[in-house]
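One structure below.
Read the figures in this text as sums done on the coordinates, not as results from a lab. Being a predicted model, the structure only gives us computed values, none of them experimental. FYI the Cβ positions are ideal-geometry reconstructions off the backbone, even for glycines, and counts take in every protein chain you see.
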């Protein structure tokens, strides 16, 4: 995992709660993938802090980082801007996360569960209560998240905008997700998953899947090439939905190795 | 009621629904009181249309109307900008409305019910389903709604921002209210109020209250003067909460007249 900005332990999205309950709450990390305008990064930071979130990560921001315009637009949300971490790839940015949701206006990738913001927020609360590190992916201004980026996620969150006028910008999308996070009832008693059921960190899941793809490639599984992406996505989504634990990911890599050894011996 | 922009019947906030249900839905009108920057008016228009709202009214916009910057920022939400109506006062802007909610970050005016956005949206849906015209008031950038403006409303809606960083701007506040409106379940079977229970239009309620204040003034009720505003607000809130119908407002004006005549004869 490459972090170009700091050696500090990962930003956990923690911020002191000032609602009188006096607790410190863990919160999801917002990951902006290839954001273009500093102003929009600043607007996100501000929207996050408005609703008590502070963990912001950027993947290849167009104008580099730090960004003066982001700082100006954030207007006081310096706690978010100062702790923002920059990564080379989406995979790196979510490597230490166990559960990731991708925001997209076009839930074409029906391979993943599609949630509304007010379904996504309690889902995140529940995971975080169980000790998982969670992230929400947002695409850049021009074209949103790529299918490849979406396929790194466990679920999609789609904001129900007027289909005849669906021009939500980055800051507005971040605002709505942060708002739903803030109002999701955290007094609700969640059925917190057993510790042994916590999914693997994304970097380990990705390594497992890359391993599988590599071996399938050697077996010419993805032939013809023009169907590759589609078939690969379907396969990935199936494993993604399983919420594989670290142990299961290790086991499956053992399974792949065993199968391959068998084949190579044939 | 003064409308400086058009002779057309009031904008009803109707917009074709494109969610496949094929119905036309009435929606609340957003009223921006003394907005300053055209960009923020444009951002409101855009946020409204994002969630299927189109009825926008302005009270004394600082830079006049039409406003080029508002049009540019609205970016495609011209249906909202073109129909925007301008008024000289908050009272005029809501004269034809039966139910009004004021957005304020500081729900100090505890005389009125305080709602969260996800309580306000179904409340508005229910009223509109019963045939009432509803409005949501938003204050200007500098200082929000005045207490006087808030006191024209039937309820307050307060967005639960992080109290340590509560810098929501006009466009963001409008976005959140519009979003909650859009997601409020309109399939829910509301107990629609009986037609005879629909509250009076604000202009008639205001005339009744002004009548009462005038007569109380003649009776030196508000002495000493420094307590006037406070006592007047308390009195107004009590009547406001009653949701007086047109008939009741007429009756109460009769009551005032009767009492005054009695006094003047004494």
Assuming R0 = 35 Å, can you tell me the calculated FRET efficiency for the pair residue A:119 and residue B:217, based on Cβ-Cβ distance, to the nearest 0.05?
0.05
For peptide B:156-167, compute the average count of partner chain beta-carbon atoms within 10 Å of each residue's beta-carbon.
6
On average, how many beta carbons from a partner chain sit within 10 Å of the beta carbon of a residue in B:172-179?
5
In which sequence would B:202, A:148, A:125 go, from the one with the fewest C-beta neighbours within 10 Å to the one with the most?
A:148, A:125, B:202
Quick check on segment A:199-265: take the gyration tensor over C-alpha atoms, sort the square-rooted eigenvalues as a ≥ b ≥ c, and tell me if it's rounded (a/c under 1.5), prolate or oblate.
oblate
Treat the count of other C-beta atoms within 10 Å as a stand-in for reagent exposure and order B:221, A:179, A:223 from fewest to most.
A:223, B:221, A:179
Nearest-0.05 FRET efficiency for residue B:143 and residue B:260, computed from C-beta distance (R0 41 Å):
0.65
Using 7 Å Cα-to-Cβ label points, what is the residue B:63/residue A:203 separation (nm, one decimal)?
4.8
Want the number for residue A:185 to residue A:89: 0.36 nm per residue separation, take away the alpha-carbon distance, what's left?
31.3 nm
Compute the distance from the alpha-carbon center of segment B:202-266 to that of segment A:78-148, in whole Å.
56
Output row for residue A:258: copy-to-copy label distances, label 7 Å along Cα→C-beta, ascending, in nanometres, one decimal, is 9.2
Among A:63, A:149, A:226, rank each residue by its count of other Cβ atoms within 10 Å, from fewest to most, as a rough exposure measure.
A:226, A:63, A:149
Estimated FRET transfer efficiency when R0 is 56 angstrom, pair residue A:230-residue A:72 (beta carbons, to 0.05):
0.80
Shielding of B:41-49 by other chains, given as the mean Cβ count within 10 Å, works out to 2
